[in-house]
Amino acid sequence: MTRRRRVRTAVLVAVALGATPTATPAHAHGGRPLGPENCTATGCHFDVPPGTYDVTVRLGGAAASSTGITGETRRSLLPQTAVPAGRHVTRGFTVNVRTPEGEPTGPDGTPGLDLTLDGSAPALAGIRVTPALPHARIRSRGGIPVARQIILIGDSTVCDQPAAPYSGWGQQLPQYLRKGLSVANYADSGESTVSYLADPRLWGTVQPLIRPGDLVLVQLAHNDKTTDEATYRADLEAFVAGIRDRGGEPVLVTPVVRRWFNADGTLDNGTALLVNGLGVDLPAVIRSVAAAEDVPLIDLTAKTKALVESLGIAGSKAVYLYDEEHDNTHTSVHGATVFAGLVRDELLARHLVPEGTVRVG
């Protein structure tokens, strides 16, 4: 297409488990109606173009229920929500729809917006999908636009992993955010600072998408195994400058630790704490650049180190994929969810997002 179409989509679908869904018809781009076929007892598909969409759901029914929602490439969009019998609750979230829908160097995925219902007893009573408000229309703080989007730049510990049992923490972060704040996860497996900056599918694609007020979280270290300190520092500075050039707010994130214990039950070693093959203490360089460039820092290395050590050698296995793959680097869905919660807490503590846009507890 040579012309960008303006989308006005509003969908209200009532779904009863085991029954035929009914809907108030609406129209997607191209004039095609969005009717009862959009939702089943297990999920929904909306034929919408790439963009950012606000989703409002009504959960509950005659029986007690517990419903969670995932979308696109296994993104957790709404945590399991319990509703007593005979009651209903309304929840909302904002979702980024794009191609490729998962990792930027991966397959295109399925066009449109796909949502999956999960939980012990899912019950979707209604759903409404609308295009998110343009960024310029969002109320600002002191002339600075309030962030409506968190862009993630990272590696396999952050990305939207395509298949179980793997999950990146960025894949789990959306469930902690309310309607009005979305996550655009452009993390990609196997990337270093060097490769991410060099690939047009990555930095060359992401930088032009950054809008004024967007938060851009950068966590790249695991694959900088042979990057010298001067190059690593310069690469981090290039991300910071490039994000600021677009009006975004860079946030540097130190990498999650590897589950590599000493005999005394600590993670005080170079393997766990991401000291690379050249002896470069990568988290220390990130902290240094953040201080020198006056950039907010989320010290996820310190946070995950404290958490994993507190769980101990046995208890921390469930956070990683030790039992499934003998993997002490990548996280399970449970571990990624816990680590995403640490990021959520830091975003709030550092006042990087408004309190009303974040789910707590």
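The values are calculated or read from the model by the stated rules, or taken from the named source; none is laboratory data. These figures come from a predicted structure and were not determined experimentally. Cβ coordinates were reconstructed from backbone atoms using ideal geometry, including for glycine residues, and neighbour counts include every protein chain displayed. Keep in mind that these areas ignore ligands, DNA and RNA; they rest on the heavy atoms of the full protein, side chains included. Shrake-Rupley method; radii C 1.70, N 1.55, O 1.52, S 1.80 Å.
Here are the numbers for the structure shown:
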read-out	value
Helical segments meeting 18 Å axial Cα length and Kyte-Doolittle -0.5 threshold in the chain (DSSP H)	229-245, 300-315, 333-349
Solvent exposure of the chain as accessible area per residue, Å², 1.4 Å probe	43
Protection proxy ranking of 295-303, 225-233, 324-332, 154-162 - average other beta-carbon atoms within 10 Å, highest first	154-162, 295-303, 324-332, 225-233
Share, in percent, of DSSP beta bridges within the chain that are antiparallel, nearest 5	75
Helical contribution to [θ] at 222 nm, DSSP H n ≥ 4, -39,500 (n - 2.57), averaged over the chain, rounded to 500	-6500 deg cm²/dmol
Kirkwood Rh, Cα atoms: Rg over Rh of region 213-263	1.09
In Å², nearest 10: area of T99 left accessible to a 1.4 Å probe	90
Mean-position separation - Cα centroids, region 191-205 and region 158-190, in angstrom	18
Total charge dipole magnitude, the chain, about the Cα centre, Cβ charges on Lys, Arg, Asp, Glu only, Debye to nearest 20	1980
Residue (of G154, G71, T337) at the positive-pole extreme of the chain, dipole from beta-carbon charges	G71
Segments 272-279, 118-125 sorted - mean Cβ within 10 Å per residue, highest first	118-125, 272-279
Cα-based reach from K305 at 28 Å (exclusive), listing lysines while leaving out same-chain residues under 8 positions away	K225, K317
FRET efficiency estimate (nearest 0.05) - Cβ-Cβ, R201 to A63, R0 41 angstrom	0.30
For D118, distant residues with modelled amide H under 5 Å away	G68, I69, T70
Segment R87-D323, length gained on full extension (0.36 nm per residue, minus Cα span)	81.0 nm
With DNA, RNA and ligands ignored, accessible area of R91 (1.4 Å probe; Å², nearest 10)	90
Relative contact order for the chain, counting Cα pairs under 8 Å that sit 6 or more residues apart, in percent	14
Selection from P174, T226, V319, by position along the positive dipole direction of the chain (Cβ)	P174
Spacing of the two label points (7 Å from each Cα toward its C-beta) at A241 and A292, in nm	1.2
Region 155-254, relative contact order in percent, only Cα pairs under 8 angstrom and at least six apart counted	27
Carbon/sulfur fraction of accessible area - the chain, other protein chains in place, 1.4 Å, %	54
V216 long-range amide H proximity, modeled H, under 5 Å	I151, E249, V251
Per-residue SASA entry for T52, accessible area with 1.4 Å probe, Å² rounded to 10	40
Spread of Cα-to-Cα distances over 5 Å intervals beginning at zero, given as percent, for region 70-123	4, 17, 25, 20, 13, 10, 6, 3, 1, 0
Isolated Cys in the chain, by beta carbon distance under 4.7 Å	C159
